[in-house]
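Here's the structure, in structure tokens; my notes come after.
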Amino acid sequence: MASLIACPHCGPRPKEEFTVRGDAGINRPAPDAGKDAWYAYVYLRDNPRGRHKEHWHHTSGCRRWLVVERDTMTHAVYSAVDAAVTGETV
Amino acid sequence: MSSFRLSSGGRIDRSKPLDFTFDGKPMQGYAGDTVASALLANGRQLVGRSFKYHRPRGILTAGAAEPNALLTIGEGGRTEPNTRATVAELYQDLIAKSQNRWPSVDFDLGAVNGLLSPFLGAGFYYKTFMWPAAFWEKVYEPIIRKAAGLGRATYEPDPDTYEKCWAHCDLLVIGAGPAGLAAALTAGRAGARVILADEGFEPGGSLISESTSFQDRSATELLAQMVAELESLPNVRLLMRSTVFGWYDGNVFGAVERVQKHVGTVDPHRPMERLWRIAAKQAILASGAEERPMVFGGNDIPGVMMAGAVRSYFHRQAVAPGRQTVVFTNGGSGYQTAADLEARGLDVAAIVDSRADAPTGWAGKARIISGGVVRDASGGKALSSIAISKGGSVETIKADALAMSGGWSPIIHLACHRGARPVWSDAKSAFLAPERQDGLTVAGSAAGVETLAACLADGAEKARQILVDLGFSNAGAAFAPAADKPEHARPLWFVRGSKGKAFVDYQNDVHVRDLVSAVGEGYGHVELAKRYTTNGMATDQGKLSNINAIGILAEARKVSPADVGTTTFRPFYTPLSFGALAGTSRGKHFQPVRKSPLHDWARKNGAVFVETGLWYRSSWFPKSGETTWRESVDREVLNVRKNAGICDVSTLGKIEIFGKDAAEFLNRVYCNAFLKLPVGKARYGLMLREDGMIYDDGTTSRLSENHFFMTTTTAYAAGVMNHLEFCAQALWPDLDVQFASSTDQWAQIAVAGPKSRAILQKIVDEDISDAAFPFLGAREVSLFGGRLAGRLFRISFSGELAYELAVPAGYGEAVADAIMEAGAEHGICPYGVEALGVMRIEKGHVTHSEINGTVIPSDLGFAKMVSTTKPDFIGKAMLSREGMTDRDRLSLVGVKPLDPATTFKTGSHILVEGATPSLENDQGYVSSSCYSPTIGSTVGLALVKRGPERHGEHVTVWNDLKGEYTKAVLCSPVFFDPENGKLHG
Amino acid sequence: MISGNSHGAPIMRYSAFSVFLNALRGNTTWKPAWRSPLPKNHYDVIIVGGGGHGLATAYYLAKEFGVTNVAVLEKGYIGSGNVGRNTTIIRSNYLLQGNNPFYELSMKLWEGLEQDFNFNAMVSQRGVLNLYHSDAQRDAYTRRGNAMRLHGVDSELLDRNAVRQMLPFLDFDNARFPIQGALMQKRGGTVRHDAVAWGYARGADSRGVDIIQNCEVTGIRRENGRVTGVETSQGFIGCGKLALAAAGNSTVVADMVDMKLPIESHVLQAFVSEGLKPFIDNVVTFGAGHFYVSQSDKGGLVFGGDIDGYNSYAQRGNLATVEHVAEAGVAMIPALSRVRVLRSWGGVMDMSMDGSPIIDRTHIDNLYLNAGWCYGGFKATPASGFCYAHLIAKNEPHETGRAFRLDRFARGRMIDEKGVGAQPNLH
């Protein structure tokens, strides 16, 4: 994992300040979306070897949730944007 | 006694003699000695025994790659096994002991293994020791374990301290040899922030271990000039005795600095070692090259040394390897050694050069045997003679030292820590790392450069290019370009026809035949060969052995070394201590401590504390005369139920929630309704995970229209906060809601019991009568006649009339004192989390003992709390799955022993009375239990299949671990005041 | 002593006698432990992944179910995945009904393994102790230990004094989180991990299974909703049934048939110290931080901690995790401070959504899935191979692996030992 993540609010910060949650590639379905959609949302994951978008929380910083795009082979971080700004669609 | 100290020369300080012992025998060396050089100076060459065959072993190298000379250094809690004598600096009164021998290194009974060696070939243990089956653990394995291993670690705690730090730089230079120094100088002059790290105690690399010169200057003059200039530059930090052990993502390098490993008297105010994490914009790896051993019979006999190591000891510590040296080489290194020895008048019996066309031009005295090989060395514990084979004839000559060189392998370990694979170079007969990777450039002999001038130029030029890329556009190389003069190395992977064992991996006793037979048995892949023969798995991680092994595998498989490839280089470059990695996080300081604002209040009231996560919470408050914790807890419970008690609940998570959509937000994160919670009211809330399981519970109060105050459990305070922020920011960013954690801002005090209202009314200014402040009331209150503002909640965990009062943290102790004083006439007592737990079990309240991540609301009797009218809340969708509605789900029930004199424990399982104990018959388990002084027996909460339908059923509470089988009855989980009369009192 | 069957390589039986005989011949007469065949055009079963689980599956397919026209395809060398990079621990100290009998089956198979496949994998039942430091942990272990005993699995709950007698060098006097006791499974222990892969490979090969190394699957060919074979770096190979056993790379293979899995791939680091004379006899896990340790027969302390916590296929971890592991190690055993760590490495873990594995059919009729082993796959190797072979051969799950269904998440039948839900980095 890269040692720094460029928080859009705080600038480059050590990764130890952040907490990862996981795959940011799927939106929370509508309440009536049906059980398949809900199963997919809660349990299925994009898990690529390569570029991947994830939710990371700047826990020891601005406490914003970010969508971080990084590489699961090289661990390079490509971008970090505020999850609220991107909305869920990333 | 063949190696010896020369009467003059070297970089040792002869005015500073140092006494030390080896295996109890007193010896003397000088400042500037390593333990290895001092042993050699004392004529001690046999210093250890090998791993498997217990062969006598001497000092082979003069550096980090040493596989043989591993000693136990130090005593007591400072005992360090497996210390490489070749890098350990000598200090006054150092105590060194040899390892893996019994009774002594000179006479080791384990050497009998050598006689059995035909039966102990590669992988022999996979093929035998299987019969009878029970004998492995009982007989064979204990013998193997005892025989294996190297040094013995101490069980005593380490008396020393350690620390960690971060450093940032533009350029990290790893290795202070010629290339590294040139790179650092180039960068330092350009004004870049430079860290130059070297594992040794003296910079210079080959400049101090070789007799070379540069232009008109001797190597040592050049070194002195460079070091003086580097030391004068404020932007350059020279880190000696600092091994860079790993290259990590983000261009972070781990390094360990041995701050006090070289001192006889440890300064307690300084760390023993310091861990550096160096975040470097760019790094230059100038780690040099490792000389390869020649693989021939008896190449492990004490007296056989690397040719470069002979020169290093000769020039640095003025130690000669013997009186009569033979050189075995396939390149210039051997000749250099011979020349250096002859220059001081030492006798070199022969230079055996495996190349038939050995270059002419040798001007020394020694005879050259070109196209010859050393077939075997003999002598047992000390080298005595050498059999040289050339063109079918064998010549034996006497020698007490043999200097060997099989060519050079660039040290590319660190450059391959992040996935890069080494590439075979036919020209260099070596594996090279990619010269430039993102963040790391290899320079000097680590990049295959050979001459001093070329290494200086390479380091300088590569640094210059990096600096320009970093924006130091004026950077100029500290040394002018110089053409390299490469030798055309022709590797000799092993000598054919050796009679004795020809070792490839010295420490693990892997010899040529092991590797060849591994190929024959199907383990020819370099990784399989490593794992099958253990080649390269010793403490030196194959620094000397891997390339030779690859060459031998290549020949056995009839392919090129490029096709064999290397095993994976992984951290650490050299072994590093747990101590350095742990730093200050040890003992009581393993984790930080959180203390409640009422901690001191609890302590002065006699609390016994218990670790709860990072917190210390008060468990109970023993009174004099009470001899068991149960006595104290029973008294506290009965007193609360009869009079009143005060308990510190400050560790609960507390979150302030603001915003015009705060109510809507809470309505979505709780499974029960919150939209219409009135101002001034608290409500118990159940928060689910998206998978429908209960995540946490707590009360949330509406303090004003757009201001809520949430409490969480102690353990989940941080998790709930993160969860709320995720929901607000990532799921519903359109909602206007904000959070602030106020856990540490409030001291929160529970006051419970029938007298609690009367007590609190003495300090609360507002009317808190039942009419004015009914159950679940929540409001800001004025205290002590307006001198302090706080928040009062009428909530109860104990089932008693009870309140929780929150006051600013700094006032907590004073307010608690005031409550104690106000309650004195009412018989108030402090109570701890044990009594709190007893009362909540009596009342059937759940905690994380029940909310264990696998329960849904209906499991705990909360089915009615789950809103059926809300369109959405976290967890709603998943609750309708088949497995969530199974009537056999474990559900909350009470359990109590049929005979009140009997008891049971939490974690016991529930069986139908008389049923055979089996998983199929498992009905559930006791999730919480305690002795209830109110009821007069043990009571428990249990999660049982169809629990609520089974009240009255007789069961066995089964605790086979303790042989405790208690007849019991399932019942309502509410053991106390089921009508809630006291709660509403 | 030569045995074997008509399909496979003749096998030279390993024994003290054969070691003796070969020694007299200079150890030059050992036969290859397995063949290096070229792939055939078609197999009844292709197993993707020559790790422990794949090789065990092939072994049991051939030995127990008579299915011998089998190929194991391995992109690198056999055992190059997690079976070659784990911390070698075996145990069956599981709590839940879906897990407990399965891991106990595995333990029983371990106990007879070496005689079964004639390869000394050094199964060493030296005892596994899980330390507890709080009443809540003790209660959870009481529940677990009793669950084990309900299935006839050995377990003991030790108090502080009993642990102190066994392991006096743990920190009993100066600990931030004092040790209160331990749950012990005496039958737990360690196994020489590489040898497991080799023993299964040799046993499978001798029964006719083709083990094909350096053969990377690059595509899965389908016709009419069925798998017909795989594209590989050695060309197309047809099959009747395709069985995935790709561990951390499961998602990559499943992507070839557009199957999204309830799995994330995470990196777990492991470590070995320099070789030491016998230092610690048992496997011990710390209860107040992430650390566990045992000592190999060679003398190295083999230890590890928590996963790094983020998705990764890189087989390497970060320094902060290394430090956390060492901190917990020194907190548990203060004397470790002066012991030196030799090497660290990383493996790719197929972390599932409830921390338990999947052995099941898929939405494609003749495609089978074995995945989701998290960081606990090694101990499961024999039972996983056995149950997977049963499923493949009979198209019907084996009794003890029945709960490991792929649809259990959709059905709400999770097997969540830790109770942390669909958050793999917490399992």
Original post:
Modelled label-to-label distance, C:V252 and B:R270, 7 Å Cα→beta-carbon offset: nm?
Top reply: 4.9 nm
Subject >> Rg and Dmax of chain A, Cα atoms only, in Å >> reply: 13.7, 41
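Quick one: order C:Y388, A:Y78 by neighbouring beta-carbon count within 10 Å, fewest to most.
Numbers: C:Y388 30, A:Y78 13.
So the ranking, lowest neighbour count to highest, is A:Y78, C:Y388.
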**OP:** Largest first and to the nearest Å, give the Cα extent of segment B:203-289 along each principal axis.
**Re:** 44, 38, 29
Original post:
Average projected area of the Cα convex hull of segment B:144-281, in nm²?
Top reply: 12.3 nm²
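For an R0 of 51 angstrom, estimate the FRET efficiency from the Cβ-Cβ distance between B:M820 and B:Y155 and round to the nearest 0.05.
Step by step, r from the Cβ atoms, then E = 0.60.
Past 32 Å, Cα to Cα: identify those pairs from B:K896/C:K108; B:K261/B:K543; B:K876/C:K418; B:K843/B:K945; A:K53/C:K75, in the order given. Working shown, then result.
Numbers: B:K896/C:K108 38 Å; B:K261/B:K543 23 Å; B:K876/C:K418 22 Å; B:K843/B:K945 21 Å; A:K53/C:K75 27 Å.
Correct reply: B:K896/C:K108.
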**OP:** Write down the Å³ per residue value for the convex hull defined by the alpha carbon atoms of the protein assembly as shown.
**Re:** 186 Å³
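Counting alpha carbon pairs within less than 8 Å and at least 6 residues apart, what relative contact order, in whole percent, applies to segment B:354-451? Each step should come with its number before you reach the end.
Details: 120 pairs, mean separation 14.3, N = 98.
Computed over segment B:354-451, the figure is 15 percent.
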Original post:
For chain C, what is the mean residue ellipticity at 222 nm derived from helices alone (per DSSP H run of n ≥ 4: -39500 (n - 2.57); sum divided by total residues; nearest 500 deg cm²/dmol)?
Top reply: -8500 deg cm²/dmol
Original post:
In Å, what is the Rg of the alpha-carbon atoms in segment C:1-113, and how long is Dmax?
Top reply: 17.3, 53
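Over the residues of segment B:804-854, compute the C-alpha Rg and express it relative to 2.2 N^0.38 Å.
On the way: Rg = 15.0 Å, N = 51, 2.2 N^0.38 = 9.8 Å.
Ratio of Rg to 2.2 N^0.38 Å for segment B:804-854: 1.53.
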**OP:** Convert 37 °C to kelvin, take the viscosity as 0.692 mPa s, use the Kirkwood radius over C-alpha pairs of segment B:162-217 as Rh, and evaluate the Stokes-Einstein diffusion coefficient in µm²/s, rounded to a whole number.
**Re:** 260 µm²/s
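If the only charges are +1 at each Lys and Arg Cβ and -1 at each Asp and Glu Cβ, what is the size of the charge dipole of segment B:395-520 around the Cα centre, to the nearest 20 debye? All intermediate terms of the calculation are to be shown ahead of the outcome.
On the way: 13 positive and 14 negative charges, 59 e Å.
The dipole magnitude comes to about 280 debye.
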**OP:** Could you list the residues of segment B:118-144 with an amide nitrogen less than 18 Å from a label point located 7 Å from the Cα of C:F17 in the Cα-to-C-beta direction?
**Re:** B:127-133
Original post:
What net charge is computed for the residues neighbouring B:G963, neighbours being all others with C-beta under 13 Å from the C-beta of B:G963, Lys and Arg scored +1, Asp and Glu -1?
Top reply: 0
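What is the local net charge at B:T916, summed over the other residues whose Cβ is closer than 15 Å to its Cβ (Lys, Arg +1; Asp, Glu -1)? It would help to have the intermediate numbers written out before the result.
Details: positive: C:R149; negative: B:E913, B:E920, B:D922, B:D960.
Residues close to B:T916 contribute a combined charge of -3.
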Subject >> Solvent-free Debye scattering, log10 I(q)/I(0), computed from the Cα coordinates of segment C:154-208 at q = 0.15, 0.16, 0.22 Å⁻¹ >> reply: -0.61, -0.64, -0.85
**OP:** Provide the per-residue ³J(HN,Hα) series for segment B:466-473, in order, calculated from phi with Karplus coefficients 6.51, -1.76, 1.60 and θ = phi - 60°, each as a whole number of Hz, with x at glycine and proline positions.
**Re:** 4, 5, 4, 4, 7, x, 8, 5
Original post:
Would you list B:K261, B:K138, B:K381 from fewest to most Cβ contacts within 10 Å?
Top reply: B:K138, B:K381, B:K261
Original post:
So what's the angle, to the nearest 10 degrees on a 0 to 90 scale, between helix B:833-842 and the longest Cα principal axis of chain B?
Top reply: 50 degrees
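Do me a favour and compute the ellipsoid semi-axes for segment B:338-470 from its Cα gyration tensor, root of five times each eigenvalue, largest one first, whole Å. All intermediate terms of the calculation are to be shown ahead of the outcome.
On the way: eigenvalues 300, 64, 40 Å².
After scaling each eigenvalue by five and taking roots: 39, 18, 14 Å.
Would you kindly work out the equivalent ellipsoid of chain B from its C-alpha gyration tensor and give its semi-axes, the square roots of five times the eigenvalues, largest first in whole Å?
Working: eigenvalues 1058, 226, 149 Å².
After scaling each eigenvalue by five and taking roots: 73, 34, 27 Å.
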**OP:** Note down the net charge around C:R187, summing +1 for each Lys or Arg and -1 for each Asp or Glu among other residues with Cβ under 12 Å from its Cβ.
**Re:** 0
**OP:** Could you check which residue among C:L391, C:L150, C:L170 shows the biggest mean-square fluctuation in a GNM of chain C with a 10 Å Cα cutoff?
**Re:** C:L150
**OP:** Give me the aspartates and glutamates in straight-line cross-link reach of B:K962: C-alpha distance below 19 Å, same-chain residues under 8 apart excluded.
**Re:** B:D899, B:E913, B:D922, C:D135, C:D139, C:D154, C:E156, C:D159
Original post:
In bins 10 Å wide, starting from 0, what share of all Cα pairs of chain C does each bin hold, as a percent?
Top reply: 5, 22, 32, 25, 13, 4, 0
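If Rh is defined by the Kirkwood formula over all Cα pairs and Rg also comes from Cα, what ratio Rg/Rh do you get for segment C:286-388?
Working: Rg = 16.9 Å, Rh = 16.0 Å.
Using Cα coordinates only, the ratio equals 1.06.
Kirkwood hydrodynamic radius for segment B:187-228: how many Å is it when counted over pairs of different Cα atoms?
On the way: mean 1/r = 0.0862 Å⁻¹.
Across segment B:187-228, the inverse of the average 1/r is 11.6 Å.
By DSSP, what percent of the beta bridges with both residues in the protein assembly as shown are antiparallel, rounded to the nearest 5? List each step's numbers first, then the result.
Details: 210 of 279 bridges.
Looking only at bridges with both residues in the protein assembly as shown, the antiparallel portion is about 75 percent.
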Original post:
Rounded, prolate or oblate: which fits segment B:500-583 when a ≥ b ≥ c are the square roots of the eigenvalues of the alpha-carbon gyration tensor, with rounded for a/c under 1.5 and prolate only if a/b beats b/c?
Top reply: prolate
Original post:
Kirkwood Rh, Cα Rg: Rg to Rh for segment B:248-368?
Top reply: 1.14
Subject >> Distance (nanometres) between label positions extended 7 Å along Cα→Cβ at C:K394 and A:A6 >> reply: 5.8 nm
Original post:
How far apart, in nm, are two points set 7 Å out from the Cα along the Cα-to-Cβ line at C:D365 and at B:L675?
Top reply: 5.1 nm
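Per DSSP H run of at least 4 residues, take -39500 (n - 2.57); add these up for chain B, divide by its residues and hand me the 222 nm value, nearest 500 deg cm²/dmol.
Mean residue ellipticity at 222 nm (helix-derived): -5500 deg cm²/dmol.
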**OP:** Please give the helix B:546-557 orientation as an angle from the longest Cα principal axis of chain B, in degrees from 0 to 90, rounded to the nearest 10.
**Re:** 80 degrees
Original post:
By counting other Cβ atoms within 10 Å of each Cβ, how are B:E626, B:E291 ranked from fewest to most?
Top reply: B:E626, B:E291
Original post:
Whose amide H sits under 5 Å from the amide H of A:L4, counting only residues 5 or more places off or on another chain, with H placed in the peptide plane?
Top reply: A:K15
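Please work out the FRET efficiency for the pair C:F65 and B:F119, using the Cβ-Cβ distance as r and a Förster radius of 41 Å; give the result to the nearest 0.05. Numbers along the way, then the final one.
Values: r = 37 Å, r/R0 = 0.91.
With R0 = 41 Å, the Cβ-Cβ based efficiency is 0.65.
So what is the relative contact order for chain B, in percent, with contacts set as C-alpha pairs under 8 Å and at least six apart?
Values: 2357 pairs, mean separation 85.8, N = 985.
Reported relative contact order: 9 percent.
Which value in deg cm²/dmol, rounded to the nearest 500, describes the helix-derived mean residue ellipticity at 222 nm for chain A, given -39,500 (n - 2.57) per DSSP H run of n ≥ 4 and division by the residue count? Please report the intermediate quantities before stating the final value.
On the way: 2 runs with 13 residues, N = 90.
Result for chain A: -3500 deg cm²/dmol, rounded to the nearest 500.
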Subject >> Kyte-Doolittle mean at least -1.0 and Cα axial length at least 15 Å: DSSP H helices in chain C >> reply: C:52-65, C:100-117, C:193-206, C:319-332, C:377-394
**OP:** Normalising by the residue count of chain C, find the relative contact order in percent from Cα pairs under 8 Å and 6+ residues apart.
**Re:** 22 percent
Original post:
Longest exposed-loop-site-free stretch of chain B, with chymotrypsin sites (Phe, Trp or Tyr not before Pro), DSSP loop and at most 16 other Cβ within 10 Å?
Top reply: B:363-774
**OP:** Let me know the Rg and Dmax you get for segment B:59-209 when you use only its Cα atoms, in Å.
**Re:** 22.6, 72
Original post:
In whole Hz, what ³J(HN,Hα) sequence does segment B:684-694 give by Karplus (6.51, -1.76, 1.60; θ = phi - 60°), x for Gly and Pro?
Top reply: 6, x, 10, 9, 9, 7, 5, 8, x, 6, 5
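Computed from the coordinates by the stated procedures, all read-outs in this text should not be read as laboratory data. Small disclaimer: the values here were computed from a predicted structure and weren't measured. Backbone-built Cβ (ideal geometry, glycine too); neighbour counts: all protein chains shown.
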